[in-house]
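Reading through the structure tokens given below for one structure.
None of the figures in this text is laboratory data; all of them are computed from the coordinates on show. Quantities reported herein were computed from a predicted structural model and do not represent experimental measurements. Please note: Cβ atoms are built from the backbone with ideal geometry, for glycine as well, and neighbour counts cover all protein chains shown.
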Amino acid sequence: DAKTTQPNSMESNEEEPVHLPCNHSTISGTDYIHWYRQLPSQGPEYVIHGLTSNVNNRMASLAIAEDRKSSTLILHRATLRDAAVYYCILRDPLFGGSNYKLTFGKGTLLTVNP
Amino acid sequence: DAGVTQSPTHLIKTRGQQVTLRCSPISGHKSVSWYQQVLGQGPQFIFQYYEKEERGRGNFPDRFSARQFPNYSSELNVNALLLGDSALYLCASSRAETYEQYFGPGTRLTVT
């Protein structure tokens, strides 16, 4: 079962910032927080990941709470192409510990209004 | 560089039949994972292979099997198809011990 909880849907206006929340109250000290998104009719796409510190890349920023029980994905200026389902994931280790699977929940459906 | 490729794009099968889905990972990626995504749900993990060895298996019946070839491409086989096997089957590749999995566009399987 997914170890994260997210709102089912959120709505934003184009060119405005979007803050997508995620709760992961049972996170362990070694769990990395991952975000993927899935655009319509496509496979999921990696967005960003982090452990403790806030992270930035060309797609988004990830803000992690000090107790690590929640995080927020920030899209600084939403565009119509950002309309997708966003998944917050804690990876699950597989055999040997160096391989991981992704356990997806239902994610948050982000609608971007023009 | 080419991304993850999957074939076929779409497939229609009849209950009881068998199906083989194919995946080519990104060059240099030695790990391939398979996921099933039914409509309205997030992808569910089926298998992961690394260096041709099975590294993990999700909660799927033995009708599902997979293998990885020396060139790191992979096949997913499903026997005795059920209507409930209708789904989007996604393949993802990664370098082991890194953080990102790169997904292909998927194969849409319809069982009638």
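Let's see how each residue does on (1) over 10 Å from the mean Cα position of the chain (by Cα); (2) assigned to a strand (DSSP E or B); (3) surrounded by 19 or more Cβ atoms within 10 Å (Cβ to Cβ):
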position	(1), (2), (3)
A:62	no, yes, yes
A:68	yes, no, no
A:73	no, yes, yes
A:78	yes, no, yes
A:86	no, yes, yes
A:103	yes, no, yes
A:110	yes, yes, yes
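Yes/no matrix, rows are residues, columns are (1) surrounded by fewer than 16 Cβ atoms within 10 Å (Cβ to Cβ); (2) under 22 Å from residue A:36 (Cβ atoms); (3) of a type outside the set (Val, Ile, Thr):
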{"site": "B:42", "(1), (2), (3)": "no, yes, yes"}
{"site": "B:51", "(1), (2), (3)": "yes, no, yes"}
{"site": "B:55", "(1), (2), (3)": "no, yes, yes"}
{"site": "B:68", "(1), (2), (3)": "no, no, yes"}
{"site": "B:73", "(1), (2), (3)": "no, no, yes"}
{"site": "B:80", "(1), (2), (3)": "yes, no, yes"}
{"site": "B:85", "(1), (2), (3)": "no, no, yes"}
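Collect the residues in region A:50-60 that are assigned to a loop (DSSP other than H, G, I, E, B) and either of a type outside the set (A, V, I, L, M, F, W, C) or in contact with a helix residue (DSSP H, G or I) (Cβ under 8 Å, 6 or more places away or on another chain) (or both), keeping them in residue-number order.
Listed by number, the residues that qualify are A:52, A:53, A:54, A:57, A:58.
Scan region B:100-110 and give yes if some residue there is within 28 Å of residue A:84 (Cα to Cα), in contact with a strand residue (DSSP E or B) (Cβ under 9 Å, 6 or more places away or on another chain), within 13 Å of chain A (Cβ to nearest Cβ) and among the basic types (Lys, Arg), otherwise no.
For region B:100-110, residues within 28 Å of residue A:84 (Cα to Cα), in contact with a strand residue (DSSP E or B) (Cβ under 9 Å, 6 or more places away or on another chain), within 13 Å of chain A (Cβ to nearest Cβ) and among the basic types (Lys, Arg): present.
Within region B:2-54, track down each residue that is within 13 Å of chain A (Cβ to nearest Cβ), in a loop (DSSP other than H, G, I, E, B) and hydrophobic (A, V, I, L, M, F, W, C).
Residues satisfying the conditions are B:4, B:26, B:38, B:39.
Quick one: is residue A:43 crowded, with 21+ Cβ neighbours inside 10 Å and in a loop (DSSP other than H, G, I, E, B)?
When the stated conditions are applied, residue A:43 passes them.
Would you be able to tell me the number of residues in region B:4-23 that are surrounded by fewer than 21 Cβ atoms within 10 Å (Cβ to Cβ) and within 18 Å of residue B:95 (Cβ to Cβ)?
Counting residues in region B:4-23 that are surrounded by fewer than 21 Cβ atoms within 10 Å (Cβ to Cβ) and within 18 Å of residue B:95 (Cβ to Cβ) gives 1.
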